[in-house]
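As C-alpha cells, the structure follows; a few thoughts come after it.
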Amino acid sequence: MAVDTRFYASLGVLTLESAAALTGAEPVGDPATPITAIAAADQAKPGELAFLEGEGAGQPALSPDLNVLVVGDAARGRVPEGVSYLVARQPRLAHNIIARALFKPRHQQAQERVALSPSAEIHPGAELGAGVVVGAGAAIGEGTVICPNVVIGPGVQIGRNGFIGAGASLHCALLGDHVTLLAGARIGETGFGVTPGPNGLEDAPHFGRVILQDHVTVGANTCIDRGVFADTIVGERTKIDNLCQIAHNVVLGRSVIVAAFGGISGSVRVGDGSMLGGRVGIADHVKVGAGVSLAGSAGLFRDVADGETWGGTPAKPIRQWMREVAWLAKQTSAKKRD
Amino acid sequence: MAVDTRFYASLGVLTLESAAALTGAEPVGDPATPITAIAAADQAKPGELAFLEGEGAGQPALSPDLNVLVVGDAARGRVPEGVSYLVARQPRLAHNIIARALFKPRHQQAQERVALSPSAEIHPGAELGAGVVVGAGAAIGEGTVICPNVVIGPGVQIGRNGFIGAGASLHCALLGDHVTLLAGARIGETGFGVTPGPNGLEDAPHFGRVILQDHVTVGANTCIDRGVFADTIVGERTKIDNLCQIAHNVVLGRSVIVAAFGGISGSVRVGDGSMLGGRVGIADHVKVGAGVSLAGSAGLFRDVADGETWGGTPAKPIRQWMREVAWLAKQTSAKKRD
Amino acid sequence: MAVDTRFYASLGVLTLESAAALTGAEPVGDPATPITAIAAADQAKPGELAFLEGEGAGQPALSPDLNVLVVGDAARGRVPEGVSYLVARQPRLAHNIIARALFKPRHQQAQERVALSPSAEIHPGAELGAGVVVGAGAAIGEGTVICPNVVIGPGVQIGRNGFIGAGASLHCALLGDHVTLLAGARIGETGFGVTPGPNGLEDAPHFGRVILQDHVTVGANTCIDRGVFADTIVGERTKIDNLCQIAHNVVLGRSVIVAAFGGISGSVRVGDGSMLGGRVGIADHVKVGAGVSLAGSAGLFRDVADGETWGGTPAKPIRQWMREVAWLAKQTSAKKRD
C-alpha cells in the first residue's frame, strides 16, 4: 500500500546516500538509488524503503518489486541481488528516521484557527453542530450528522447518513455509509509502536489509515488506531461497544460484536460473525476464525478455528476452562471438609 | 415509563395496519389500533407498543394496560385477549423499526452552529467556559461550573453547584445538585444493543434517560449509557472512578464505589454502600446486594447477597477464591520439589 | 511540597480556632496558630496543616517543621509537644473541609468564554488549532502543535516540540519537551479519593500536579490524575498506550512501557525500563523495580524486585504461574480420560 497523501504530506525524496548520512547507516549498492516512500517488506514497490529485523528469518517473503532495504548486519545475506541497502545497528529505528524525513502527518499542519477548511467538501444535506472542525480536503456525505465539537482531520472521508457523536475525533480515516461513532470515539490516532533507541524508547511513526465499512458502530471513548503501513479495517455492520481498543493493522470481519473494554492487539484478524464478550483481550497477530465466541474476560494468546467457543486466561476451549474451574472448586471444598 | 419528549422528538402516530406495512409483519386484531409510543412489555400503557421475544416465557408479567404488541409466531398464544398484535419473524427488530418511525433523538437535529440555544435556561450564577455548547430546552443551575468545550444536549437538566469537566458530553440526562463529571465523561449515549437483522447486525435504538442523583461523581472518560425504555440511575453520593462503563438500565444505589475500569453490564442492580475494586466486571442482569465488596479484577456472573465479599473470575466468596489460589500454588510447588 | 498557586488560588488564611469552628473539631493549643496551607504529615512546614488517621501508627515520620495537625481521639498521644492540633471524629474529612476553605482549583474560575487568555504565553512558533482554549498564565513552547478543541487549564506549562491531540485536556500539569498526548487524553483531573462523611461518601480534594518529563507519550483517552498533595510523575521517554489509568501520586521511571488498559493505582512506583503488558493492574502503594516485565492481564498486589517477570492474578513469578496453568490443565484432562 502506498502512503496516502491525503493524510501524509510528502517532504521530498532521499537517496541511499542521503539516507545513510541521516541515519549513520552503511550504504551498499548504488548511492543514487532514490527513496521516495516507505512500505512493509512484502509489499514494497521500487523506491519504497522496507526493513528487515534481526536475521530477517520468519518474515513474509520480500516483494519482488523491492529495490531498497535497511537491514542489520545479521541479515546482509538475505538482501536479494540488485537491491541497494543500508546496514544499520537498529534497522527499524533507521527506517523510522527516514520515514519521518519523507512524510509528515497532515494534522500536524497549522489550521490557523479556521474551523471549516475552505477545501473541505461538506454536502449541503449534512448537519454540523457548533464547534465542529473540518480539515483540508475532508468530505462529509448527505444526511450525515456531525455533533458539536467533533474534530475531522485533513482528508478524512465520511459517507452518507452517518452519525458522529459529540467531541469525537477522526484522522487518516475513510468511513462508509451509515457509520455511527458515539461521543469521544478516537479514530485514526497513531498506534502504539515503541522501538528502543540510543537514548531510550522511541515512538514508531504510523503511515496507514483506518477504514470503517458501511453500518459500523463504534462506542463512546473507543479508540481505533491507524495502521503502521497498511490499514486497520472494520467490516460491514461490525458493532463495537464503549471503551474498546482496536490496535494498528487489525482486521475485523463483518457483523463482529466487541463488548465493552475489548482489547484487540496489533495485526489481529477476527472472522465474520464472531462475538467477543466484555473485557476480552487478544494478543497481537492472533487469528480468530468466523463465528467464534469468546467468553467475557477471556485473554486469548492463540489462534482459534471457526465456530469455536473459548474462555479463561490464558483462553482455552470453554469446556476445558469450565472443567478446570469446577475441578479446582471441588478440590478445595473437599479439602475444607477434611 | 413514557418516552421523555425533552430528549426524543415525536414523528407522528402509527396504526397496527401502517406498522404492519412498515415491517412486513402480520396484523391481528383491529387494524386501526393506534401506536403512539413504545415501552417494555411490563410497563406499557394503551397505545405503547411492546414486544415479546421467543416464546415469551420467563419474561415479566405483561402490563394490564397493554393493548398492542409485537410477537413471534411461537408467542401467539401468550397474547392476552383484546390485545391487537403484529406477528413478525424478528419481534425485537420489528419493534426497533417502529420505534424509529415514532421518535427521533433530539441531538440528531441540526444545531445551526449556535453554541448556546436561545431556549436553554442558564442561571446567571452558572459559569460557562469557552466553546461550551448547550442545546434547546436544557437548564443549568446556580453555581454550576461548565468547563470549556463541554457539549450539553437538548433538554438536559443540571442542578446547582455542579462541575462538568472539560470536553465532557451529556445527552438525555437529568442531574441533581453537586454532581461532578470529570473531563471527557460521556453521559447518555445510546447503549450497546445489537439485534440480528436480515443483512447482519442492527443497533437497537434507546429511548430512556440517565439520572445522576445529588453528589454523584463520575470519573474522566467514564461512560454511562442511557436506558433502552427505562432509565439508568446512579444513586446519591455514589462515586465512580475514571474509565468505567455503566451500561443501559443499570441501577446503582447510594454511596456505591466503582474503581477504575469497572464494567457494569445492562440492567445490573447494585445496593447501597457496595464497593467495587478496580477492573471489576458484572454480567448483565446480575443483582448485587447492599454493603457488598468485590475484590479488584473480579468477574461476577451471579447474584450476591447483602454484606458478602467476593473475588476471582468467575467470582465466588472471597475465602473460597483465596483457598483455591493458595491450594493451587501449594500443589504446584510440591510438584516442583518431587 | 507547597501548593502550587499557579493551579490553586488561595482563599485566605485560617487559625486553629476558625478551623475548629468550620469543622466542629476540638482545638488544643494556641487558638491563634495560623493555618496557611495543607500538606502530608511527613512534609509539612510551619502553618501547613497535616492529618493523622486512626492511631497514627504505621505512617511516615512527622516532619520536624510541622506545627499544626488534625487527629482523631486515638492519636492524641502521637502529637509532638508544641504542636497545636484539632481533634476530629474524622480527621481526613476535617482536613478536606479546611483544604477547601484555603484553596480553590483555578479551573473552577469563570473564563468568560475567552478562548485564549491574554495572560497565556504562547510562543509564536507554536501552532494552535481551531477551538483551542488556553487558561490564564499557561505557557506553550516553540514548535508545539495543539490540535483543535484542546483545553489547557490555567498555569499549565508545555515545553517545546510537543504534540497535543484533538480534544485532549490538561490541568495542573507541567510538561517537558517533545511530549506527545494523543486525542482525548485527560491529564491532571482530580484523583479518586473517597472518604466516608456524615451523609455518605465525600470526594477528597487534590492539590498536587502531574509532571510529564521529556519525550513522554500518552495514548488516546488515557487518564493521568494529579497528586493529592504531591505530584504524579512520568519519567523521560516512558510510553503509555491508549485507555490507561494512572492514578494520583504514581511515579513511573524512564522508558517504562504501559500497554493498553494498564491500570496503575495510587502511589505505585515503577522503576526504569519496566514493561507492563496489556490490561495489567497494580494495586495501590505497590513498588515495582526496574527492568520488570508483567505479562498481559496480570493483577499485581505485591512488590516486585528488579528484573523479575510476573504474571497471573494475583500475580506471581511467571514460571510459577505457568506451572499452575499447565498443572491444572493436566489434572482436568486426566480426569476426563478416567
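The values are calculated or read from the model by the stated rules, or taken from the named source; none is laboratory data. Predicted model, so just to flag it, every value in this text is computed and none were measured. Note that each Cβ is placed from the backbone with ideal geometry, even for glycine, and that neighbours are counted across all protein chains shown. For accessibility, only protein heavy atoms count, side chains too; no ligands or nucleic acids. Shrake-Rupley method; radii C 1.70, N 1.55, O 1.52, S 1.80 Å.
Would you mind computing the Rg to Rh ratio of the stretch C:165-214 from its alpha-carbon coordinates, Kirkwood style for Rh?
On the way: Rg = 14.5 Å, Rh = 12.7 Å.
Result for the stretch C:165-214 is an Rg/Rh of 1.14.
Relative to the Cα centre, the charge distribution of the stretch B:8-106, modelled as +1 at Lys and Arg Cβ and -1 at Asp and Glu Cβ, gives a dipole magnitude of about 420 debye.
For the stretch A:85-226, the fraction of C-alpha pairs farther apart than 21 angstrom is 45 percent.
Could you pull out the pairs from A:Lys239/B:Lys104; A:Lys316/B:Lys316; B:Lys104/C:Lys104; A:Lys316/B:Lys330; A:Lys316/B:Lys104 whose alpha carbons sit more than 32 Å apart here? Please report the intermediate quantities before stating the final value.
Working: A:Lys239/B:Lys104 21 Å; A:Lys316/B:Lys316 21 Å; B:Lys104/C:Lys104 42 Å; A:Lys316/B:Lys330 23 Å; A:Lys316/B:Lys104 44 Å.
Over 32 Å apart, Cα to Cα: B:Lys104/C:Lys104; A:Lys316/B:Lys104.
Peptide C:212-218 has a mean shielding of 2, counted as Cβ atoms of other protein chains within 10 Å of each residue's Cβ. Across the options C:Gly12, C:Leu66, C:Asn242, the greatest Cα extent toward the positive end of the charge dipole of chain C (unit charges at beta carbon of Lys, Arg, Asp, Glu) belongs to C:Asn242. Over the protein assembly as shown, the reciprocal of the mean inverse Cα-Cα separation, the Kirkwood hydrodynamic radius, stands at 29.8 Å.
Among DSSP beta bridges whose residues both lie in the stretch C:8-106, state the antiparallel percentage, nearest 5.
Of the beta bridges lying entirely in the stretch C:8-106, close to 50 percent run antiparallel.
Summarising the amide proton neighbourhood of C:Ser297: residues at separation of 5 or more, or on other chains, whose placed amide H is nearer than 5 Å comprise C:Gly278, C:Arg279, C:Val280. The mean number of partner chain beta-carbon atoms within 10 angstrom of a residue's beta-carbon across peptide A:175-185 is 4. Of the GluC sites (Glu not before Pro) found in the stretch A:85-155, the ones in coil according to DSSP and having at most 14 other Cβ atoms within 10 Å of their Cβ are A:Glu112, A:Glu142. Distances between copies of C:Arg89, taken at a point 7 Å out from Cα along the Cα→Cβ vector and listed shortest first: 6.6, 6.6 nm.
Put a label point 7 Å from Cα along the Cβ direction on B:Lys330, then list its distances to the equivalent points in the other copies in nm, shortest first. In ascending order, 2.0, 2.0 nm. For the chain pair B and A, the interface hides roughly 3600 square angstrom of accessible area in total, found with a 1.4 Å probe.
Label-point spacing at B:Pro46 relative to the other copies reads 8.1, 8.2 nm, in ascending order, each point sitting 7 Å out from Cα along Cα→Cβ.
Its alpha carbons give the stretch B:168-319 an Rg and a Dmax of 14.9, 48 Å. Overall, the stretch A:168-319 carries a charge dipole of about 360 debye about its Cα centre when +1 sits on the Cβ of Lys and Arg and -1 on the Cβ of Asp and Glu, all other atoms neutral. When both bridge partners sit in the protein assembly as shown, DSSP labels roughly 20% of those beta bridges antiparallel. In this structure the protein assembly as shown gives 36 Å² per residue of accessible area when probed at 1.4 Å with all protein chains present.
Can you tell me what share of the DSSP beta bridges in the stretch A:136-291 is antiparallel? A percent to the nearest 5 is fine.
Numbers: 4 of 45 bridges.
If I count the DSSP bridges inside the stretch A:136-291, around 10 percent turn out antiparallel.
Between C:Glu81 and B:Val114, the modelled label-to-label distance comes to 7.3 nm, taking each label 7 Å out from Cα in the direction of the beta carbon. Dividing the C-alpha radius of gyration of chain A by 2.2 N^0.38 Å, with N its residue count, gives 1.13.
Let me confirm one metric for peptide B:124-130, namely the mean number of other chain beta-carbon atoms within 10 Å of its residues' beta-carbons. The partial results should precede the final answer.
Details: counts 0, 0, 1, 6, 4, 11, 14.
For peptide B:124-130, the averaged partner shielding equals 5.
Judged by the mean number of other Cβ atoms found within 10 Å, the most tightly packed of the peptides A:260-266, C:185-191, A:231-237, A:92-98 leads the ranking C:185-191, A:260-266, A:231-237, A:92-98. Under the convention that each Lys and Arg Cβ holds +1 and each Asp and Glu Cβ holds -1, the size of the dipole of chain A around its Cα centre is about 1300 debye. The order of the peptides C:241-251, A:40-50 by mean Cβ neighbours within 10 Å, most packed first, is C:241-251, A:40-50.
Can you give the log10 of the normalised intensity I(q)/I(0) at q = 0.14, 0.17, 0.24 Å⁻¹, computed with Debye over equal Cα scatterers of the stretch B:46-155? For the stretch B:46-155 at q = 0.14, 0.17, 0.24 Å⁻¹, log10 I(q)/I(0) is -0.68, -0.76, -1.26. Of all the options A:Ala298, A:Ala315, A:Ala21, the one that moves most in a Gaussian network model of chain A with Cα springs shorter than 10 angstrom is A:Ala21.
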